Amino acid sequence: MSDLSAQKCEACRADAPKVSDEELAVLIKQIPDWVPEVRDGIMMLERVYKFKNFKQALHFTNKVGDMAEEEGHHPGLLTEWGKVTVTWWSHSIKGLHRNDFICAAKTDEVFAAL
Ligand SMILES: C[C@H](O)[C@H](O)[C@H]1CNC2=NC(N)=NC(=O)C2=N1
């Protein structure tokens, strides 16, 4: 278990701090399969997970949904045949909060536990 995945998301309000470039450089090392991407001017974390079929992809999607509900923090989830694209960012601050890195690490754990 990485340090991040052992942590809980905290309430994230509009005035919460975005992660700095320096923090991002440190945090991303703990989730090396995730790619930071800017979309619509918002920094996000994205990873594509591969599966054998749609049913397995949908099962993973639902497990990630359960984890998101527990954390009170919610990703973008695109479920397709054989793959799920998971995208984390914080709507309230239009960018990346530490919560997104915690949830990305937890998503990796959901995948590892399938
Ligand atoms: C009221 C509720 O907790 C908020 O709307 C939460 C829900 N889930 C969320 N998820 C994400 N990714 N970003 C948010 O800002 C966010 N806000």
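The values are calculated or read from the model by the stated rules, or taken from the named source; none is laboratory data. Fair warning: this is a prediction, and the values are worked out from it, not measured in the lab. We place every Cβ from the backbone using ideal geometry, glycine too, and count neighbours over all the protein chains shown. Each accessible area value is taken on the protein alone, full model and side chains, heavy atoms only, with ligands, DNA and RNA left out. Shrake-Rupley method; radii C 1.70, N 1.55, O 1.52, S 1.80 Å.
Test Thr85 against the stated conditions and say whether it is surrounded by fewer than 22 Cβ atoms within 10 Å (Cβ to Cβ), more than 18 Å from Pro36 (Cβ to Cβ), more than 10 Å from the ligand (Cβ to nearest atom) and hydroxyl-bearing (Ser, Thr, Tyr). No. Considering only residues of the range 2-28 that are basic (Lys, Arg) and loosely packed, with under 14 Cβ neighbours inside 10 Å, which is nearest to Asp100 (Cα to Cα)? Filtering first and then ranking leaves Lys8. Every residue in the range 42-58 that is loosely packed, with under 12 Cβ neighbours inside 10 Å and not in a strand (DSSP E or B), please. The answer is Lys52, Asn53, Lys55. The condition (being in contact with a Gly (Cβ under 7 Å, 6 or more places away or on another chain) and under 15 Å from Thr107 (Cα atoms)) is satisfied by just one residue among Lys8, Lys50: Lys50.
One residue stands out in the range 29-41 among those that are aliphatic (A, V, I, L, M) and in contact with an Asp or Glu (Cβ under 9 Å, 6 or more places away or on another chain): the one that is surrounded by the fewest Cβ atoms within 10 Å (Cβ to Cβ), namely Val35. Just one residue in the set Thr107, Thr61 is hydroxyl-bearing (Ser, Thr, Tyr), away from the ligand (no atom under 15 Å from the Cβ), open to solvent by less than 70 Å² (accessible area, probe 1.4 Å) and in a helix (DSSP H, G or I); that residue is Thr61. Out of the range 45-82, which residues are over 13 Å from the mean Cα position of the chain (by Cα) and within 15 Å of Trp34 (Cα to Cα)? Selection gives Lys50 alone.
Taking every residue in the range 1-22 that is within 18 Å of Ile93 (Cβ to Cβ) and pairing it with any residue that is among the aromatic types (Phe, Trp, Tyr) and in a helix (DSSP H, G or I), at least 6 positions away or on another chain, the pairs with Cβ-Cβ distances below 8 Å are Val19/Phe101. Within the range 75-104, the set of residues being over 17 Å from Tyr49 (Cα atoms) and without any contact (Cβ under 8 Å) to a residue 24 or more places away in the chain comprises His91 only.
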